[in-house]
Amino acid sequence: MAPPAIAQPATGTMTYFQLLFSENEEFIASELCLEILFIGRLRRRKDIFQRTSLSTLPHNFLPEHTASATQILRPYEAITLAAMRAA
Amino acid sequence: MGWLAYRGGRDTAAAHASITPEIMIETAALVLEAPLPSNRRAATLLEVASLHPEPSLLRIQSIPDEEFSILISSGASVFHALISHTLQSRTDSFRLTLNWNSTSGDGFLSIKYPDDDALFTHDLAGCIPMPGALILEALAETRSAEVAQNLPYIGFHQGPIHVAPSSTLDYHTPVLKPLCYRKIGMMKPGDTAISTGGDIVPVLGVFKNTTPAFGSFAPVRLRAPYFVLQSDLVMAGAQRLIFGGSNAEYTFGCDEVLIPA
C-alpha cells in the first residue's frame, strides 16, 4: 500500500507560507484542516520579539494564542491513525 | 541575501559565488540541525580550521549540563558563546541558529526543537567577522559520510534570519475563503478565510520564509485520497493537521487530534 505522505523531491530552497489569525483556529485547505501559525504568547517576550518573524507586524496588534485543547500525536501514532483511516 | 547549504553528502543548494575564502563575513547567520547528543560527556558537533588567509577556527560543542558552546577565532580575535537549554519533552533533534553582526558586535543565538514549540535564546555581544574560508570548510565538512550522520544539515545565510515561528506551507496550498479557494501564496493581510468552526475570520498576517529544503524543512507531499484530501498538498514536516472523526475519538479519547505532517 502506498503511504499517505511521501517526501517531495526538492533541490535548493523552498519558500513556505503561513497565515496568522487572531485566535488559534484552523483553516481549510482542500477539505483538510490545517493549523495556522501558532505564536503562543511570543508577543510578551519583548527581549526576543524583534528577532522573530513577527517583528514585521506592530507589537500591539498581535494576538496571543492559547494552546489548543487537542493533543498532539507522536509520529508513530499519526502513522497508525492514517493506516486505520485508509483501511 | 541568499542561502548556501549542503546536506548529507550532496551538494544541492545554489552556491553563492560571493563567498570566497578571503572575505570576512560581517552579518550573517549559520543554521544547523543535528540529533541531540548524549548529555554525559562533551561532544564536538562541528570543528573546522583554516590556515589561509589567517589561522581561524570554528567549533560547536555540546557540553554536559545541557549547554552548547560556540567558539570562533580568526587571527588574533576570539569569540566564545554559551547557550543552555532544558528539554521539556523527548525530542531527538534540535536546530541551532547563530546570527551575528560584527559591525555592531551583537548577535543572537537560539535553539529550537522542531517537534516542540520551545525556544531557547541568548543574546551575544562582541561578535567578530567570520572568515569565508571557515564557512566553506564547514559546509564541505558535511560531505563526508560520518559527519553527515551526526550533522544532517548545515546552512549559511547572508544577512540575519528570523527565528521561530516559521511558515510551513507551499505556495499552492488552497485556502478556503467565503466564496472560493485561493492559493496561500496569493493571500494578503485583511483577506478572510473560513475556520473549521464555520466562521469567517480575517487574516492578520501572511508570513513567508525561504529555507534550504532539507532537515526539518524538507517538503512532504500528502497524497490526495488520504485524510479526505481533494488534491495533494506540499508542506514542511512541522505543519500540524487537525484530524477529527470516530477513529480519532475512539483511539485517543478526544474529538480532534493534531498530527505533524
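Read-outs: derived from the displayed coordinates by stated rules, not from any lab. On a predicted model such as this, the values are computed, not experimentally measured, just so you know.
Using only the Cα atoms of the stretch B:162-207, what semi-axes does the equivalent ellipsoid have when each is the square root of 5 times a gyration tensor eigenvalue? Give whole Å, largest first.
19, 12, 10
Beyond 27 Å between alpha-carbons counts as too far, so tell me which of A:46/B:183; A:46/B:112; B:112/B:177 fall in that bin.
A:46/B:183; B:112/B:177
Please list, ordered by chain and number, the residues whose modelled amide H lies under 5 Å from the amide H of residue A:39; skip anything fewer than 5 residues away on the same chain.
Placed amide hydrogens put A:65 under 5 Å from residue A:39.
Relative contact order (percent) for the stretch B:119-196, with alpha-carbon contacts under 8 angstrom and 6 or more residues of separation?
17 percent
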